[in-house]
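Input: a single structure, listed below in structure tokens.
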Amino acid sequence: METHHNIPPTHPPYAPQIRRYQDWLQAQHGLRFDDYDALWRWSTTDLDAFWQSVWDYFDLQSPTPHRAVLAKNVMPGAQWFPGAQVNYARQVLRHVNAAQAAGQPALIGRNERGERRELSWPALRRQVAALALHMRAQGVQPGDRVAAYLPNIPETIVAFLACASIGAVWSLCAPDMGTHAVLDRFRQIAPTVLLAVDGVTYGGRDHDRCDVLAELRAQLPTLRHVVLVNNLDASKTVADTACYASVIARNDAETAAFEPAWLPFDHPLWIVYSSGTTGLPKPIVHGHGGMMLVMLQLAVLHNDIGCSYAPNSLGERYHWYSSTGWIMWNAQVGGLLGGTTCVLYDGNPGGSKERPDWTVLWRMAAEERVTFFGAGAAFYGHCMKAGITPAACGDLSAIRVLGSTGSPLSAEVQQWGTDFFRQVSAGAAVAAAPGRSKQGAASPGGSDPHAAAKRGGDIWWCNISGGTDFAGAFIGGNRELPQTPGRMQCRMLGAAVEAWDERGRPVLDAVGELVCTQPIPSMPLFLWGDADGARYRASYFEMYPPGHGRRPGGGDLGREAGAVWRHGDWIEIGSSAHPGCVIYGRSDATINRHGLRMGTSEIYSAVEALPEVLDSLVVDLEYLGRASYMPLFVVLRSGLVLDDGLRARINDAIRASLSPRFLPDEIVQVAEVPRTLSGKKQELPVKKLLLGQPMDKVVNPDAMANPGCLAWYVDFARHRATAVAS
């Protein structure tokens with residue numbers, strides 16, 4: 001493994017991973033590119049050569065050869081690496097011996113109770129084998145769905161890898177989601193096994209989840225077996241469940257001999273959920289091979305996360321704060337594919353309501369010598385507003401990368417973080433001066449004397465934007481490119497992303513619809529239960545005509561090539577004179593709260609179940625770098641007035657059915673919700689009105705059932721704009 005680390009060293013230690021890849025391209029294939037733009041254009045026009053190079057560079061293995069790289073370039077329905085056999089878990093476990101020999105752990109788990117657990121690579125392999133054999137003994141077959149209701153703890157990663165190793169299909173929901181929202185997801189996929197937690201600690205409080213577990217068991221008739229993970233109470237037992245700790249304690253000849261099964265390249269790996277504006281959440285199926293390729297491309301080449309036991313990146317420790325309901329949990333697990341130590345945190349990153357503390361994650365990062373620190377953009381904004389200082393956080397000198405995603409990172413917040421780490425560097429330089437004794441966390445390696453060299457000056461921000469839909473990123477970072485606060489550095493290799501104007505033409509230095517004109521291996525295989533593919537096509541491929549813009553490098557192809565992927569974001573792609581990209585928020589009505597998407601229909605289902613509420617409308621104004629603002633408009637029964645008590649009941653309904661993450665910023669009583677003649681709520685026109693666009697540009701009153709109500713929304717938008725400006 002790690003054969004790509006043995007290329008001739010043309011750069012000093014700590015060379016960026018993307019530079020090492022380009023050195024390999026030149027040494028192995030004679031390919032040399034004058035700049036990143038040229039490399040990107042090659043990667044998006046010669047798809048076969050690029051994705052084959054990713055396969056070769058990471059030494060991916062198959063017992064049978066693939067007949068082609070991209071056998072069929074059609075969207076949707078692209079066929080990648082037919083004939084190849086892979087397994088996500090097998091790729092992870094290839095690192096066991098080398099990582100153990102170098103003394104590098106696989107997982108470090110921390111929580112807000114102050115508990116710390118470290119899982120070695122051999123222990124990871126043994127526990128994965130034990131749980132996989134247990135599931136097989138329960139009759140789990142390749143293709144069976146395994147559902148999990150678990151937090152961000154090491155057990156969840158073990159369970160996922162065990163599931164993947166036998167070809168079962170994994171699906172995960174976070175314990176902060178309400179029973180109704182979880183059932184809306186799991187009912188669609190008919191799971192046979194459920195792994196669930198007894199409870200979680202969040203914000204200083206313990207939250208028992210055994211009642212939710214009982215409801216899930218009652219409402220999921222296909223379940224044949226349940227495994228209980230004791231996270232709160234080690235002595236807790238639930239009837240007719242297996243104890244996770246007992247299951248993974250197995251250590252015999254069969255577990256030692258266990259190997260993950262070889263599976264077809266496009267065998268389903270997991271089901272994740274992304275909500276649209278109507279209907280149930282979309283159950284999105286991704287495959288083993290596509291996720292391996294794209295996670296390695298994202299984590300290593302673009303995020304610059306190295307192998308923890310390789311000389312160039314020895315001691316790498318990767319942390320991205322996430323709940324298990326966010327696709328960044330999947331991205332965090334992807335670090336294991338490259339042999340990286342992953343550092344997990346389960347709990348509230350801001351302390352408790354009574355004792356807010358935005359240094360929690362930073363202090364953990366200092367103690368664990370985290371090298372890559374990632375979080376949602378909102379987290380950094382909270383840290384800035386809280387006025388935290390490096391002195392309160394411990395020794396952060398090991399951190400060389402700040403990752404951000406979930407929502408647009410403003411220039412102000414990015415500059416704050418850069419200034420924060422200038423103070424970190426200054427403090428480290430003083431502490432490392434001759435005659436000074438460094439005070440800080442005692443851990444293997446201590447303070448990193450090469451941290452400044454790794455960073456190359458100011459801290460590097462790796463700002464990315466992608467989505468649950470394809471479990472990857474379209475826009476991201478490149479350690480070798482210049483940084484501009486508020487802008488992401490580049491389009492990702494292999495991602496043929498463009499900004500299209502209203503006529504479907506690519507534009508630069510202007511805001512347009514984000515489209516991807518060529519397939520990516522991690523695009524969904526299909527949506528579960530979508531037998532004819534109609535829902536999949538409607539979700540991503542029906543805005544533009546088939547063939548339009550589909551020729552690699554630009555231009556049209558025939559209708560048989562299918563349509564471009566329309567992502568639902570506004571994007572600006574800069575020219576050479578103004579490089580970088582900016583994501584300006586959703587171009588549709590889907591709610592995006594710091595990276596977690598939720599369909600408006602799920603919010604309506606929760607709110608309109610209250611007897612007081614006749615109708616409702618919600619919009620999210622995350623756009624053009626503005627802070628997220630999500631108002632909820634409600635129509636009440638005759639004679640009722642919105643008071644604090646009703647506001648609390650509405651919030652409680654959302655909290656119980658969905659998650660506290662989707663509580664509105666403001667609840668406003670209205671007389672009517674604007675609707676089309678066919679009865680559809682006019683979410684997008686209201687959103688555009690609140691963003692300051694004139695009414696005649698966003699809605700046609702003749703197509704409305706109740707155009708008279710628009711004047712109220714126009715007035716509301718005007719008053720809000722005045723308040724924001726002042």
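Observations, loosely collected:
- Taking the Cα centre of the stretch 297-357 as origin and assigning +1 to Lys and Arg Cβ atoms and -1 to Asp and Glu Cβ atoms, the resulting dipole is close to 40 debye.
- Solvent-accessible surface (1.4 angstrom probe) belonging to Lys688, in square angstrom, nearest 10: 60 Å²
- Percent of C-alpha pairs per 10 Å bin in the stretch 595-726, short distances first: 11, 43, 37, 9.
- 3J(HN,Hα) couplings calculated from phi for the stretch 509-523 with the Karplus curve 6.51 cos²θ - 1.76 cosθ + 1.60 (θ = phi - 60°) are, in sequence order, 6, 8, 7, x, 6, 7, 10, 10, 8, 10, x, 10, x, 8, 4 Hz; Gly and Pro show x.
- Entry note: the stretch 471-615 has Rg to Rh equal to 1.03, where both radii use alpha-carbon atoms and Rh is the Kirkwood radius.
- Sorted largest first, extent of the stretch 261-333 alpha carbons per principal axis (Å): 50, 31, 20
- Compactness of the stretch 1-131, taken as the C-alpha radius of gyration over 2.2 N^0.38 Å, stands at 1.34.
- Accessible solvent surface per residue of the stretch 1-157, calculated while the other protein chains remain in place, 1.4 angstrom probe, Å²: 41 Å²
- Applying the Kirkwood pairwise sum to the alpha-carbon positions of the stretch 189-301 produces a hydrodynamic radius of 17.5 angstrom.
- In terms of its alpha-carbon gyration tensor, the stretch 70-215 comes out oblate; a/c meets the 1.5 threshold, while b/c is at least as large as a/b.
- When the stretch 545-628 is reduced to its Cα atoms, the Kirkwood hydrodynamic radius in Å: 16.0 Å
- The largest-to-smallest principal axis extents of the Cα set in the stretch 9-78 are 42, 31, 20 Å.
- Shown in residue order for the stretch 281-289 are the 3J(HN,Hα) couplings computed by the Karplus curve 6.51 cos²θ - 1.76 cosθ + 1.60 at θ = phi - 60°: x, 7, x, 9, 9, 10, x, 4, x Hz (x for Gly and Pro).
- Estimated translational diffusion coefficient (Stokes-Einstein, Kirkwood radius over Cα pairs, 20 °C, 1.002 mPa s) of the stretch 456-510: 167 µm² per second.
- Amide hydrogen neighbours beyond the local backbone of Asp395, cut-off 5 Å, H modeled: Ala441
- When each of the peptides 237-250, 409-422, 124-137 is scored by the mean number of other C-beta atoms lying within 10 Å of its residues, the order from highest to lowest reads 124-137, 409-422, 237-250.
- Using a probe of 1.4 angstrom and keeping all protein chains present, the accessible surface of the stretch 519-619 works out to 36 square angstrom per residue.
- Between the amide H of Leu614 and those of Val635, Leu636, Arg637, distances stay under 5 Å, these residues lying 5 or more places away or on another chain, with hydrogens modeled in the peptide plane.
- Protein-only accessible surface order, largest first, of Lys385, Lys236 at 1.4 Å: Lys385, Lys236
- Base-10 log of normalised Debye intensity for the stretch 235-287 (one unit scatterer per alpha-carbon) at q = 0.17, 0.21, 0.26 Å⁻¹: -0.89, -0.88, -0.95
- Ellipsoid semi-axes for the stretch 370-433, based on the Cα gyration tensor and the rule √(5λ), read 22, 12, 10 Å when sorted largest first.
- With both residues required to sit in the chain, DSSP beta bridges show an antiparallel share near 55%.
- With every protein chain in place, the chain: carbon and sulfur % of accessible area (1.4 Å): 51 percent
- Relative counts (whole %) of C-alpha pair distances in the stretch 102-180, using bins that are 10 Å wide: 18, 41, 32, 8, 0
- Relative counts (whole %) of C-alpha pair distances in the stretch 262-407, using bins that are 5 Å wide: 2, 9, 16, 20, 18, 14, 11, 7, 3, 1, 0
- Rotationally averaged projected area of the stretch 468-556 (alpha carbon convex hull; nm²): 7.1 nm²
- Among the trypsin sites (Lys or Arg not before Pro) in the stretch 565-656, those placed in a DSSP loop whose Cβ has at most 11 other Cβ atoms within 10 Å are Arg637.
- Kirkwood estimate for the stretch 635-699, i.e. one over the average of 1/r between Cα atoms, Å: 14.0 Å
- Ranked by solvent-accessible area (1.4 Å probe, protein heavy atoms only, all chains present), the residues Met543, Met598 order from largest to smallest as Met543, Met598.
- For the stretch 171-186, 3J(HN,Hα) per residue [Karplus equation, 6.51 cos²θ - 1.76 cosθ + 1.60, θ = phi - 60°, Hz, x = Gly/Pro]: 8, 10, 10, 7, x, 8, 8, x, 4, 4, 5, 5, 5, 4, 8, 6
- Note on the chain: dipole from Cβ charges, positive end direction compared against Leu337, Gly494, Ala561; the farthest Cα belongs to Leu337.
- Placing unit charges on the Cβ atoms of the charged side chains and taking the dipole of the chain about its Cα centre, the candidate lying farthest along the positive direction among Ala589, Met292, Tyr149 is Met292.
- Amide H contacts of Asn111 (H built 1.01 Å from N, in plane; Pro and chain starts excluded): Asp346 sit under 5 Å, all sequence-distant by 5 or more or on other chains.
- Summing Cβ point charges (Lys, Arg +1; Asp, Glu -1) relative to the Cα centre of the chain gives a dipole of roughly 560 debye.
- Net charge dipole, the stretch 81-214: roughly 500 debye, given to the nearest 20, about the Cα centre with Cβ charges of +1 for Lys and Arg and -1 for Asp and Glu.
- Debye intensity ratio in log₁₀ form over the Cα atoms of the chain, taken at each q of 0.06, 0.10 Å⁻¹: -0.34, -1.02
- Cα gyration tensor, the stretch 169-251 - rounded (a/c under 1.5), prolate or oblate: oblate
The values are calculated or read from the model by the stated rules, or taken from the named source; none is laboratory data. It should be emphasised that the depicted structure is a prediction, and the values quoted were computed from it without experimental measurement. Glycine also receives a Cβ, built like all others from the backbone with ideal geometry; neighbour counts cover every protein chain displayed. We work out accessible area using only protein heavy atoms, side chains counted, and drop any ligands, DNA or RNA first. Shrake-Rupley method; radii C 1.70, N 1.55, O 1.52, S 1.80 Å.
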